[in-house]
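S.K.: Could you have a look at this structure, given as structure tokens, before my questions?
The values are calculated or read from the model by the stated rules, or taken from the named source; none is laboratory data. All values derive from a computational prediction rather than experimental measurement. Glycine also receives a Cβ, built like all others from the backbone with ideal geometry; neighbour counts cover every protein chain displayed. Ligands, DNA and RNA are stripped out before the accessible areas are found, and what is left, the full protein with its side chains, is counted by its heavy atoms. Shrake-Rupley method; radii C 1.70, N 1.55, O 1.52, S 1.80 Å.
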Amino acid sequence: MKIMFFGIAKELAGGATLEITEKPGTVGQFREWLIRQYPAMRELRKVMIAVNKTYATDEQTIADDDEIAVIPPLSGG
Amino acid sequence: MESLIKIVSDIQTEEAIRFVESPGSGGVVTFIGTVRNQTKGKPVLKLFFESYEPMAILEMEKIAQQAFEQWDVQRIAIIHAIGEKLPGEEVVVIAVAAPHRGAAFSACQYAIDTLKETVPIWKQEFFEDGAVWVAAHP
């Protein structure tokens, strides 16, 4: 499964992309994994998860070939 | 109802305005976002913008679609810049053309407000003593 990191999340993860073999199951479980891996992400104001370029809910299940993106607080405009 | 949605290195304001102008429009409302030279009194040297481009384009298209559904507007252009930007430089332009000005003002305000909330773009502010990702922490 491919994970993409942006903005401050990219700095906290130490890179823009990561390939993992764990199968998180749901977006909520992926969030728990993320905080275990990178505890500093807990300090961010808000983290959204996008699955296949769409904002996902915690209940949503993740498939092996999904593109997961870790979206830290937005600051465009 | 046509839209021009782009992420670019250098904003061309005229491109957005030219795109939305049409004989049926009674007016064009344009918002141009630029780099402010200070934050809370601290001089800003530059900003750096990055995006999750394919998703950002999708979210910008949703904004245009929502605006078309809510107001009587004819054309919308939303162009956002990425990369390094210096104080005074343009980072976003939104142009909306409508038969009447009220709809154009409302749709343009909706577009910039929603862009800030939903479009995956991030900016880093560079000061003399370091850099921060804007709004990342509470």
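S.K.: Just one of (1) open to solvent by less than 10 Å² (accessible area, probe 1.4 Å); (2) touching a Ser or Thr at 6+ places or on another chain (Cβ under 6 Å); (3) within 14 Å of chain A (Cβ to nearest Cβ) trips up B:Lys123, so point out which.
M.R.: (1)
S.K.: May I pose another question? Within region A:17-27, can you find the residues that are surrounded by 11 or more Cβ atoms within 10 Å (Cβ to Cβ) and either touching a Gly at 6+ places or on another chain (Cβ under 7 Å) or over 21 Å from A:Arg45 (Cβ atoms) (or both)?
M.R.: Those that are surrounded by 11 or more Cβ atoms within 10 Å (Cβ to Cβ) and either touching a Gly at 6+ places or on another chain (Cβ under 7 Å) or over 21 Å from A:Arg45 (Cβ atoms) (or both): A:Thr17, A:Leu18, A:Ile20, A:Lys23, A:Pro24, A:Gly25, A:Thr26.
S.K.: Now, a different point. Quick check on my filter: what residues within region B:89-120 are in contact with a strand residue (DSSP E or B) (Cβ under 6 Å, 6 or more places away or on another chain) and either without any contact (Cβ under 8 Å) to a residue 24 or more places away in the chain or facing chain A (nearest Cβ under 7 Å) (or both)?
M.R.: Selection gives B:Val92, B:Ile112, B:Pro120.
S.K.: From the list A:Gly14, A:Gly28, which one is within 13 Å of the chain's Cα centre (by Cα) and more than 12 Å from every other protein chain (Cβ to nearest Cβ)?
M.R.: Unique residue meeting the criteria: A:Gly28.
S.K.: Name the single residue that is surrounded by the fewest Cβ atoms within 10 Å (Cβ to Cβ) among those in region B:11-21 being closer than 21 Å to B:Leu86 by Cα and among the β-branched types (Val, Ile, Thr).
M.R.: Result: B:Thr13.
S.K.: For a quick check of your reading of the model, give me the residue pairs whose first member lies in region A:20-38 and is at positive phi, whose second is in a strand (DSSP E or B), with beta-carbon atoms closer than 9 Å and at least 6 apart or on different chains.
M.R.: A:Gly25/A:Thr61
S.K.: How many residues does region A:36-77 contain that are more than 7 Å from chain B (Cβ to nearest Cβ), open to solvent by 40 Å² or more (accessible area, probe 1.4 Å), of a type outside the set (A, V, I, L, M, F, W, C) and part of a loop (DSSP other than H, G, I, E, B)?
M.R.: Number of matching residues: 8.
S.K.: Could you check how many residues of region B:1-48 are among the charged types (D, E, K, R) and under 30 Å from B:Gly130 (Cβ atoms)?
M.R.: Total satisfying the criteria: 5.
S.K.: Same structure again: Would you list the strands (runs of 3 or more DSSP E) that sit entirely within region B:22-117 and hold 2 or more residues that are open to solvent by 30 Å² or more (accessible area, probe 1.4 Å)? Can you show your working first?
M.R.: On the way: elements: B:27-34, B:46-51, B:75-81, B:83-85, B:90-98.
In region B:22-117, the matching strands (runs of 3 or more DSSP E) lie at B:27-34, B:46-51.
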